[in-house]
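Computed from the coordinates by the stated procedures, all read-outs in this text should not be read as laboratory data. Since the structure is predicted, the reported quantities are computational estimates derived from the model, not experimental observations. Note that we place each Cβ from the backbone using ideal geometry, even for glycine, and neighbour counts take in every protein chain shown.
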Amino acid sequence: MVIVILGITAGIAVTVAVPPLYQAQSELFVSVLARGDDTSQVVQGSSAAQQKVTSYVEVVRSASVLQPVIEELHLDTDVESLADRISATSPANSVLIDISVLDEQPRRAERIAAAVSQSLAHVVTTELERPSEGGPSLVGIKVIQPPALPKTAASPNLAKNLALGVVGGLALGVAFVLLRHLLDNRVRSREDVESVTSTPILGDIALDPAAKASSLIVQTDPRNPGAEAFRALRTNVQFVDLGGTRRAFTITSALPSEGKSTTAANLALALAETGAKVALVDADLRRPRIADMLGVEGSVGLTDLLIGHAELDDVLVPWGLGGLRVLPSGSIPPNPSELLASEAMLQLVESLTRDHDAVIIDAPPLLPVTDAAILSRLTNGALVVSAAGRATRPQLRSALETLDNIGGRALGIVLTMRRRKDRAAGAYYAYSGDAPRHISTDAPDRGRRAADEPA
């Protein structure tokens, strides 16, 4: 639409910028005098006139015709420039010549058309078709339609320019869309993911403007289609073959801002809805978000635990009345990779896995740093979040290769921020029966540290 508007604007601009030209036209009749009075001679004369007309059309723009016109009208131009403003045509099988003149002044256009008509007649009858033995020319040229003073400009034509602008804009728009489609290699659909990897797609989360106001859509709007999408992800995750009873997952992405922290938090909430004991760990020690997202104190957490400055019971924060407990990141360390690859981190994951039905670890993106790949080896594997239009197919492929190269495992792909095509989906969920049981956050109990804080 924007390109079409630009095309229309260009058409208007051309119309305004180009000076108006006025067109004056005259029509001439060419005849050849028959040498006798019988019918055959008359027919021959008419046929000869038709043959000559074709040549006379070319003569109209010659120097022999135009130079006298320039001198007579005192025109400030040359033959070549004047010829560019004059055209001559002849209807098929006729003895007529139509002369057209374009000029910025209507009166001058009329005068040039008249002068060219007279000059052509003079050149043909006195020079080109003059009998060698003398006497009058057998060819006659008569003006049967003298030029009239033009009232309106012949060009630029606003309607024509606007039409061309619309057509040109549409053509450019279609070309732009096709070119963008051919050159765009960003991951936008399930088909794009399937072209990169055979890793199963476990979740498909639509873009929801309401999520900007509250990232915890499972908690704040349990009937929302987005909340149902996270529950579908929960179901798919529960059926992933992990080869054992331990259920610990690393949540990561190829690039930042793909929705991995939102996915981790909502998946943890969805698992806790079932009555499961869930531990949500913020292991993104570079850009932690979980504490702010869930509204818990995050100044002390995973970092302090790994360096031995805190005990697990002191930093693992109960959230709500369900079975969810949150381990915030704590202070940002200078050496995140070393801490996450430490023996203390391995022991922590084992401890959390023993005491919980599921452990969800929010990790940094795969491409900027290696933290997520390291964590994926400590857990059952990684759920790789891919936001529509964010990472390219090569970047997603590279992220998965990073996991594979370090011995990690990609359990599945979670598509996020996809534009919801079926707006009616919300209506289905609104009539799907009772809302799923959600975790109340009314309880003031947020863990031992929170209880020790002054009111």
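Listed values, structure above:
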{"quantity": "Geometric extent, Cα atoms of the range 323-373 - Rg, Dmax (angstrom)", "calculated": "12.0, 33"}
{"quantity": "Per-pair calculated FRET efficiency, R0 = 51 Å: ALA92 and GLU191 via Cβ, rounded to 0.05", "calculated": "0.35"}
{"quantity": "Shape parameters for the range 19-145, alpha-carbon atoms, Rg then Dmax in Å", "calculated": "15.5, 55"}
{"quantity": "ALA148 paired with SER331, simple spin-label distance in nm, labels 7 Å along Cα-to-beta-carbon", "calculated": "9.5 nm"}
{"quantity": "Chain lengthening between GLU401 and ALA344 when straightened (0.36 nm per residue, less Cα-Cα)", "calculated": "17.9 nm"}
